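Here is the structure we will look at.
What follows draws every value from the coordinates through simple rules; no lab data is involved. What you are looking at is a predicted structure, and each value in this text was computed from that prediction instead of being measured. Virtual Cβ from ideal backbone geometry, glycine too; neighbours counted across all protein chains shown.
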Amino acid sequence: NAGVTQTPKFQVLKTGQSMTLQCAQDMNHEYMSWYRQDPGMGLRLIHYSVGAGITDQGEVPNGYNVSRSTTEDFPLRLLSAAPSQTSVYFCASSHQRWDSQVNYGYTFGSGTRLTVV
Amino acid sequence: TQLLKQSPQFLSIQEGENLTVYCNSSSVFSSLQWYRQEPGEGPVLLVTVVTGGEVKKLKRLTFQFGDARKDSSLHITAAQPGDTGLYLCAGLGGSNYKLTFGKGTLLTVNP
């Protein structure tokens, strides 16, 4: 039972480089999201998806793109890395009951620690 | 924007002591979740509370959702070093199903 798998675990980028953080889940969850975690700031939502082909912006979307071509995968793209994007990135997925707005909890990956120099 | 404030931000206690951490908001949430995060790992779900006034127990942990569904508390009885970690509350509200996290309470239980 893999759950949510994130790759890579660590990455160092130079300013201006682009890269894709991978996220895959094997639980057939409809809902997937990306968060970044910074000291003193908590977890902030970057982008989320309620199903294949549907994505939307979260609290801090600038500088990031996402797509959801399959239920399983939700990659996060950094278009032109900046030092302000140095952070720990978490992907999470969840089963969601849309009729009652009840969410039964997120499963998180183990994170990608990104440093932009 | 629905904000969740957690208190205290840091808590250091001795093994065997009891403690309570709080999660407060001015907004109403349809459900609220508590997570624990250990260094180098992602948050792990502890509990989801849905009904105002609901109380859930998980071994030595007791979770309560406020009657107005704006606040929650986590009480730990006889804390152990294994309880050490970052405790996060997260609320689900509004029509867009986004989960909003508090900044967390960093708990250290000393042997």
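Worth a mention:
- Förster-model FRET efficiency, 25 Å R0, B:ARG60 and B:LYS5, C-beta, rounded to 0.05: 0.50
- The label-point distance for A:ASN62 and A:ARG44, in a model that sets each label 7 Å from Cα toward Cβ, rounds to 1.0 nm.
- Working from label points 7 Å from Cα in the Cα-to-Cβ sense, the A:GLU30 to B:GLU41 distance is 3.0 nm.
- Nearby lysines by direct alpha-carbon distance to B:LYS98 (threshold 18 angstrom, same-chain neighbours under 8 apart not counted): B:LYS5, B:LYS70
- Partner shielding of A:41-50 amounts to 4, given as the average count of beta-carbon atoms from other chains within 10 Å of each residue beta-carbon.
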